[in-house]
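The structure under discussion appears below in the form of structure tokens.
The values are calculated or read from the model by the stated rules, or taken from the named source; none is laboratory data. Bear in mind that the values here come from a model prediction, so they are computed numbers and not experimental data. So basically every Cβ, Gly included, is an ideal-geometry build from the backbone, and we count neighbours across all protein chains shown.
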Amino acid sequence: MLDKCTRALGKEVAVGSVDQELRLLWEEDKASTNASLMNLAVYSEEDDAILKNSEIVQAITKEHACRAILIGIDRDASDASIRAWITAHCHLSRQGSKSVCCEQIAFQLTGRATGRLRNTVFAHLNSDLPLVFWWQGELSDIFTERLYSLIDRFIFDSAQWSEPLLSLQKINRMLGEGVGLAPMDLEWTRSYQARLALAALFDDPLAAQALEYTQQIRIVVHPDHRMAGMQVLAWIVQSTGWQRSRDLGLCGDQDNSDTEDRFYFETHQGSDVTVRVEYDASSATLGLVELSSADCVVRVSREVGSAYMHQQLEAGAHQIDRLVPAASDDASELVADQLSRGGKNTLYRTMLPVYLDLLK
Amino acid sequence: MKNPFRKDLVSRSRPEACTVVIFGATGDLTHRKLVPALYNLQVEGALPAGVRIVGFARRDKSDQEFRTGLEELNKKVSRSGHDDTIWSEFEQTIHYHQSEFQDEEGYQRLAERLDEIDRERGGKGNRLFYIASAPSFFDDVLEHLKKAGLNKNKEGCWARVIVEKPFGTDLPTAQHLNEVVSRTFEEEDTYRIDHYLGKETAQNIMVLRFANAIFEPLWNNNYISHIQITCAENLGMEGGRGGYYDKAGALRDMVQNHLLQLLSLVAMEPPTDLSADGVRDEKVKVLRSMRQWDTPELVAENVVRGQYIAGHVDGEKVVGYREEDRVDPESMTESYVALKVLIDTWRWSEVPFYVRMGKQLPKKATEISVHFKEPPTVLFNALAGGVPGGNVLVIRIQPDEGISLRMVSKIPGASLRLEPVKMDFHYSTSFGKGSPEAYERLLLDCMAGDATLFARRDEVEEAWKFIDHIEHAWHNSEEPPPMAEFVAGTWGPKEADDLLKKSGHKWRRL
């Protein structure tokens, strides 16, 4: 498959002459502007992923000028080999006056690759620009200190992990080592707009007053995005400082099934909160987050396929119901969105211990 | 009450829900800038839930007629495009209130309507009054707001006012307006808008200076030869602007506010913090330190005024300023001004800031260029031809926002020849995503109570004090400095070039 479609990756070049070939590429096209704000490495161990990733990077470079380095690895292959391709993704600038291009280098490796991967990537970075590393799929043993110590932002998608607890513990340990890397979980990005909408509703004094008297929380997610639901819950719990009933020595810790997880908390005011995280195949990625007390319901909901969410507040006669933007379901847009915000993602770091506790 | 979910979620002050009352709601600013800005904020989910908009104007209109007019223009000008679903929800928050600006009863009805909106919303009665009417009505609007009790903060709520430019036409009128405003609203609730400060590149001046350690050590008279601030427009008096412009002129219309604000951002000392007053304290010190051109002789020596005569701009034939629609054929209003500003501080002693603004120039561009001193006359300066020009750091405010640095490099070859080269950063190339409109940022800041990007009373008055001396020399002295002429489509009058030539400088070619 890869052999048939490599035209999409551009010109195949010898690994040792990538830089020279890139220079030639720019010399051929004097009309375009080479732009780069970062190195974006995209790593995948899936078959033929670099073809798909080349398309994704094409979309990302519309908003984020970068040098893209695509890495595909077949670690099960017996022979050790490496092939490289170069191309450029070009777009007209906003004013339409310039063709702005971003370089892409694609590497396909086979066989044992830990050392070769590291050396290959780091030999082709644009110096002084930050390295954003997008790791697709399971966190394999290639992910070692020698690799992550040089990364500035680490993008991953915990929704893709078969054992999220183990991988997240690895991430947590890495962060505990004082690595300056900013973790960017795309599953966390998927809930960003919902969290923003929910937080905005609690600016309302009635909702704010009712928060400590919350009795029920309902979170509905698509089964492929269980982690998004758990992260939203972890964020709520971390923000409010509510205690799990288990930790308070109260009975009733949690109940789990294939379609629902239940958790029990107590607010600072002593209100018992039952949380249901429901997994519904007909739901949007994050279909509902609802906090209910006797006097107030705060709700953010989204229909499948809609670009908007409903942001609702019901407190007696006082009601808010309006549309707000929803997060994209498209991977390239999620990454672009995440890159736009920058920062160290301190909220994710703060939420992570609570999240890990819920996953246990 | 503290909202625990806000912590670390968004890195900006939190805007609060309010009712935005726009005076002069049928005007161009409301239709082209203010409502599209609020709509874009709604599209991005940045507008707080519960924001309502009330348009206050004299014409008789229904809510629906007002909404329809706004929608038509929003479709044309909105930065994020126009989404019918969002608009149909957004327009439900828009209302129209018909009243004369001098009609006391109209304000009483407004107060009742705002109370009704607060009740419907069930939330707090925060009010944001945006005075976008003609300046002649500013006093009326403010006085009547006070009489109707709308200036008072209700319990746990705020009432703020945004005043559009022109903030006065000279120092006495600005002081008078400030008096009226301060009789009506507290200074902390007063937001004098200068949309230049809401521009991404203007905000980036502080970041460039204070988040990069390499510039600040050089940012003084030891290393900087001079600084130029240019605002060039390639338009004349189209769309009936001549009527307003001929009364204002380039100095009042652009220099007093926008360009002196940019100058103060470039010249200020590092603030102690990023609070509104922390930043504005430092900006006002710059304005206060500007050497005053307080005699006609000093004005003649340091300021050039000019008018364009017929010429060609962008290949089109254009008439001279005095032939423009609604301009007095014997007008003595300047369509071009160039001036030298000296800031008498330790940092800027004897470093001239050259500021120029003009209509019907070859292209549209606003930029700040920082010209560094030439290296010592040894080594390369000893070569034939010397070093070709010093380093220049350019901050482009609009339209091609970015930063460039000119430096000198060796031309490849066996001989030692030097040429200037440019390192260039373009916002549009590096960041594909468009910047928000200045009004979006400024409206949100006001809703959040953050006045950093708004002018304070003393800033406005210090700027007028400087400008008034020049205006006085031009219009009230016995021997006023002459009005220079230049052909439309050129870079201004020869006298403006001479202004720099006296100090061995020349205008940067844009």
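Considering (1) touching a Lys or Arg at 6+ places or on another chain (Cβ under 8 Å); (2) part of a loop (DSSP other than H, G, I, E, B), say which one A:R276 fails and leave the rest.
(2)
Output the number of residues of the range A:53-83 satisfying the condition of being part of a loop (DSSP other than H, G, I, E, B) and either polar (S, T, N, Q) or surrounded by fewer than 24 Cβ atoms within 10 Å (Cβ to Cβ) (or both).
Here the count works out to 9.
This table checks each residue for (1) more than 14 Å from chain A (Cβ to nearest Cβ); (2) under 21 Å from the mean Cα position of the chain (by Cα); (3) at positive phi; (4) among the acidic types (D, E).
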{"residue": "B:R417", "(1), (2), (3), (4)": "yes, no, no, no"}
{"residue": "B:S435", "(1), (2), (3), (4)": "no, yes, no, no"}
{"residue": "B:A438", "(1), (2), (3), (4)": "yes, yes, no, no"}
{"residue": "B:C446", "(1), (2), (3), (4)": "yes, yes, no, no"}
{"residue": "B:T452", "(1), (2), (3), (4)": "yes, yes, no, no"}
{"residue": "B:V460", "(1), (2), (3), (4)": "yes, yes, no, no"}
{"residue": "B:E478", "(1), (2), (3), (4)": "yes, no, no, yes"}
{"residue": "B:F486", "(1), (2), (3), (4)": "yes, no, no, no"}
{"residue": "B:K494", "(1), (2), (3), (4)": "yes, no, no, no"}
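Count, please, the residues in the range B:394-412 that happen to be in a strand (DSSP E or B) and under 20 Å from B:L197 (Cα atoms).
7
Where residues in the range A:302-311 are over 15 Å from B:Q92 (Cβ atoms) and in contact (Cβ under 8 Å) with a residue 60 or more places away in the chain, which of them is surrounded by the most Cβ atoms within 10 Å (Cβ to Cβ)?
A:M309
Restricting to the range A:328-348, what's the tally of residues that are among the β-branched types (V, I, T) and either assigned by TED's automatic domain parsing to the domain that holds A:R302 or free of Cβ contacts under 8 Å to residues at least 60 places away in the same chain (or both)?
Of the residues in the range A:328-348, 1 are among the β-branched types (V, I, T) and either assigned by TED's automatic domain parsing to the domain that holds A:R302 or free of Cβ contacts under 8 Å to residues at least 60 places away in the same chain (or both).
Taking the range B:107-145 only, how many residues are within 14 Å of chain A (Cβ to nearest Cβ) and under 21 Å from B:H176 (Cβ atoms)?
0
Just give me the residues in the range B:17-41 being within 13 Å of another protein chain (Cβ to nearest Cβ) and more than 24 Å from the chain's Cα centre (by Cα), in sequence order.
B:A17, B:C18
Among the helices (runs of 4 or more DSSP H) confined wholly to the range A:154-234, which include 1 or more residues that are within 14 Å of chain B (Cβ to nearest Cβ), surrounded by fewer than 22 Cβ atoms within 10 Å (Cβ to Cβ) and of a type outside the set (S, T, N, Q)?
On the way: elements: A:164-176, A:186-190, A:192-201, A:205-211.
In the range A:154-234, the matching helices (runs of 4 or more DSSP H) lie at A:192-201, A:205-211.
Suppose we filter the range A:125-146 for residues that are touching a Leu at 6+ places or on another chain (Cβ under 9 Å) and either over 22 Å from A:G343 (Cβ atoms) or outside the structural domain of A:Q20 (by TED's automatic domain parsing) (or both); how many remain?
Our first condition is that a residue be touching a Leu at 6+ places or on another chain (Cβ under 9 Å); within the range A:125-146, this holds for A:125, A:129-134, A:139, A:142.
Narrowing the set further to residues that are either over 22 Å from A:G343 (Cβ atoms) or outside the structural domain of A:Q20 (by TED's automatic domain parsing) (or both) leaves A:139, A:142.
Of the residues in the range A:125-146, 2 are touching a Leu at 6+ places or on another chain (Cβ under 9 Å) and either over 22 Å from A:G343 (Cβ atoms) or outside the structural domain of A:Q20 (by TED's automatic domain parsing) (or both).
Considering every residue within the range B:366-379, establish whether at least one is more than 14 Å from every other protein chain (Cβ to nearest Cβ), exposed (fewer than 13 other Cβ atoms within 10 Å of the Cβ), at pLDDT below 90 and outside any loop (DSSP other than H, G, I, E, B).
From the range B:366-379, those more than 14 Å from every other protein chain (Cβ to nearest Cβ) are B:366-379; that's our starting set.
Next cut, exposed (fewer than 13 other Cβ atoms within 10 Å of the Cβ) only: B:376-379.
In the following step, the residues that additionally are at pLDDT below 90 were identified as B:376-379.
Going one step further and asking which of them are outside any loop (DSSP other than H, G, I, E, B), we end up with B:379.
Yes.
Within the range B:66-90, count every residue that is farther than 9 Å from B:Y39 by Cβ and more than 12 Å from chain A (Cβ to nearest Cβ).
Residues in the range B:66-90 being farther than 9 Å from B:Y39 by Cβ and more than 12 Å from chain A (Cβ to nearest Cβ): 11 in total.
So in the range B:164-213, with the set limited to residues that are among the charged types (D, E, K, R) and in a loop (DSSP other than H, G, I, E, B), which one is modelled with the highest pLDDT?
It comes out as B:D170.
Would you point out the residue of the range A:24-44, among those that are crowded, with 19+ Cβ neighbours inside 10 Å and closer than 16 Å to A:I155 by Cβ, that is nearest to the other protein chains (Cβ to nearest Cβ)?
A:L37
Within the range B:332-344, is there a residue that is closer than 30 Å to B:G240 by Cα, within 27 Å of the chain's Cα centre (by Cα), part of a loop (DSSP other than H, G, I, E, B) and not assigned by TED's automatic domain parsing to the domain that holds B:M268? Outline the logic, then answer.
Initially, the range B:332-344 is screened for residues closer than 30 Å to B:G240 by Cα, giving B:332-339.
Next, from what is left, pick out any that are within 27 Å of the chain's Cα centre (by Cα): B:332-339.
Keeping just the survivors that are part of a loop (DSSP other than H, G, I, E, B) gives B:332-335.
Pick out the ones that are also not assigned by TED's automatic domain parsing to the domain that holds B:M268 and you get none.
Taking every residue of the range B:332-344 in turn, none turns out to be closer than 30 Å to B:G240 by Cα, within 27 Å of the chain's Cα centre (by Cα), part of a loop (DSSP other than H, G, I, E, B) and not assigned by TED's automatic domain parsing to the domain that holds B:M268.
For the range A:262-301, which positions are surrounded by 16 or more Cβ atoms within 10 Å (Cβ to Cβ), more than 18 Å from A:E187 (Cα to Cα) and charged (D, E, K, R)?
Result: A:E266, A:R276, A:E290, A:R299.
Looking at this structure, is B:D84 surrounded by fewer than 16 Cβ atoms within 10 Å (Cβ to Cβ), among the acidic types (D, E) and closer than 23 Å to B:E72 by Cβ?
yes
Matching residues to (1) within 24 Å of B:T333 (Cβ to Cβ); (2) modelled with pLDDT of 95 or more:
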| site | (1), (2) |
| --- | --- |
| B:R441 | no, no |
| B:A448 | no, no |
| B:T452 | no, no |
| B:K465 | yes, yes |
| B:D468 | yes, yes |
| B:E471 | yes, yes |
| B:N476 | yes, no |
| B:E479 | yes, no |
| B:A484 | yes, yes |
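Would it be correct to say that B:F431 is crowded, with 18+ Cβ neighbours inside 10 Å, out of contact with any Pro (no Cβ under 9 Å at 6 or more places or on another chain) and either under 27 Å from B:P376 (Cβ atoms) or away from chain A (no Cβ under 14 Å) (or both)?
No.
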